[in-house]
Amino acid sequence: MAIKLHDLEPADGSNKRGKRKARGIGGKGGKTAGRGTKGQRARNTVPVGFEGGQMPLLQRVPKLRGFTNPFRVEYQGINLDTIAESGLTDVSPKSLLARGLVSKGSLVKILGRGELTTAVNVKAHAFSKSAEAAITAAGGTVEILPKPFGVRPAHGSFSQHTNR
């Protein structure tokens, strides 16, 4: 026998009827409808988070913490093992960008994870000490590229809106 749409019904006890509050004085949930007697809460006028006129917790807690350093320099890290896998002998931000290892316009920092077996000439904006030592130990050269912004101004002569 095939089941038809008009034969479908929920399982017994799965659909429970909602309580009908405040429908006369007979039975549970009548008269005050579980709100007690009198008062602000009985009259349904209390906003969420209201603390009786006291400054609410959400307004007492400060919105922002700390600060953002306007002189922070973001580098994109490239490890030695990545350079070894790429097979490049002359590594520069342009060659790394062509391989898809860094994003356009990013400052490159060479990091020391992994080992180099061949001599590699590396040009980057920054090097970790371990990476620099490993490159020179393998017979390669290290060249630090100039950053695209000037020197950080003297303390007190800048605000967070000044451009480096």
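Observations on the model:
For every residue, the table says whether it meets (1) touching a residue at least 60 places away in the same chain (Cβ under 8 Å); (2) of a type outside the set (A, V, I, L, M); (3) over 30 Å from H125 (Cβ atoms).
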position: R35; (1), (2), (3): no, yes, yes
position: T45; (1), (2), (3): no, yes, yes
position: V48; (1), (2), (3): no, no, yes
position: E51; (1), (2), (3): no, yes, yes
position: L57; (1), (2), (3): no, no, yes
position: L64; (1), (2), (3): no, no, yes
position: R72; (1), (2), (3): no, yes, no
position: Y75; (1), (2), (3): no, yes, no
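- Of all the criteria given as (1) modelled with pLDDT of 75 or more; (2) surrounded by 12 or more Cβ atoms within 10 Å (Cβ to Cβ), the one not satisfied by F158 is (1).
- A124 vs. criteria in contact (Cβ under 8 Å) with a residue 24 or more places away in the chain, over 28 Å from the mean Cα position of the chain (by Cα), closer than 30 Å to G139 by Cβ and surrounded by 12 or more Cβ atoms within 10 Å (Cβ to Cβ): no
- Here the condition is being modelled with pLDDT of 90 or more and surrounded by 10 or more Cβ atoms within 10 Å (Cβ to Cβ); of P56, P70, P10, it holds for P56 alone.
One line per residue, one yes/no per condition, for (1) modelled with pLDDT of 90 or more; (2) more than 26 Å from G105 (Cα to Cα):
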| residue | (1), (2) |
| --- | --- |
| A119 | yes, yes |
| A124 | yes, no |
| S128 | yes, no |
| A133 | yes, yes |
| A137 | yes, yes |
| I144 | yes, no |
| K147 | no, no |
| G150 | no, no |
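- Residues in the range 79-119 that are part of a loop (DSSP other than H, G, I, E, B), touching a Ser or Thr at 6+ places or on another chain (Cβ under 6 Å) and not small (G, A, S): L88 only.
- Per the listing L96, L80, L64, the residue uniquely surrounded by fewer than 10 Cβ atoms within 10 Å (Cβ to Cβ) and of a type in the set (A, V, I, L, M) is L64.
- Among all positions in the range 57-78, there is at least one residue which is out of contact with any helix residue (DSSP H, G or I) (no Cβ under 9 Å at 6 or more places or on another chain), under 16 Å from G114 (Cβ atoms), not in a loop (DSSP other than H, G, I, E, B) and not aliphatic (A, V, I, L, M).
The values are calculated or read from the model by the stated rules, or taken from the named source; none is laboratory data. Being a predicted model, the structure only gives us computed values, none of them experimental. FYI the Cβ positions are ideal-geometry reconstructions off the backbone, even for glycines, and counts take in every protein chain you see.
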